[in-house]
1. Once the Cα atoms of helix 41-51 and of the chain are each reduced to a long axis, what angle between those two axes, in degrees from 0 to 90 to the nearest 10, is obtained?
2. Search the structure for amide H atoms under 5 Å from the amide H of residue 2, placed 1.01 Å from N in the peptide plane, and list their residues when 5 or more places away or on another chain.
3. Counting only helical runs of four or more DSSP H residues, what would the 222 nm mean residue ellipticity of the chain come to if each run contributes -39,500 (n - 2.57) and the total is spread over all its residues?
4. Magnitude of the Cβ-charge dipole of the stretch 3-54, K/R +1 and D/E -1, about the Cα centre, nearest 20 debye?
5. Straight-line reach from residue 33: which lysines have a Cα under 18 Å away, not including same-chain ones fewer than 8 places off?
6. What residues qualify as long-range amide H neighbours of residue 36, i.e. H under 5 Å apart, gap of 5 or more or another chain, H built at 1.01 Å from N?
7. Average projected area of the Cα convex hull of the stretch 3-54, in nm²?
8. Which angle from 0 to 90°, rounded to the nearest 10, does the C-alpha axis of helix 13-23 make with the longest principal axis of the chain?
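Every number here is computed from the coordinates shown, using simple stated rules; none is lab data. This structure is a prediction, so every number in the text was calculated from the model and none was measured. Every residue, glycine as well, gets a Cβ built from its backbone with ideal geometry; the counts of neighbours run over all protein chains shown.
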Amino acid sequence: MKTWQVQEAKARFSELLRASTEEGPQLVSHHGKPAAVVVPVAQWQRMQQASGRSAKEWLLAPEARGKLQIPARGSLTSRKPPTFA
């Protein structure tokens, strides 16, 4: 997924829309942080029909929308807690 800065997305909005329909979702970032995703309307409609709920309900749903890779237990190192005087 290509990332566009807000300024670039505003200046080249037509290209952003074309890229979303030809290449797939496009990420727009603001001050280096993800802010929005531009998706083709057909994909948006499929997502809403498949879920049977509004976009807000879909995004806030408790169930997973993808696979989360969880590291094996014990593979992470822990750090010592800070000492306070």
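1. 50
2. Under 5 Å from the amide H of residue 2 lie the amide H atoms of 27, each far enough along the sequence or on another chain.
3. Helix contribution divided over all residues of the chain: -11000 deg cm²/dmol.
4. 200
5. Of all the lysines, those that pass the test against residue 33 - Cα under 18 Å, at least 8 places apart if same chain - are 2, 10.
6. Here the answer is 28, since their amide H atoms fall under 5 Å of that of residue 36.
7. 3.9
8. 80
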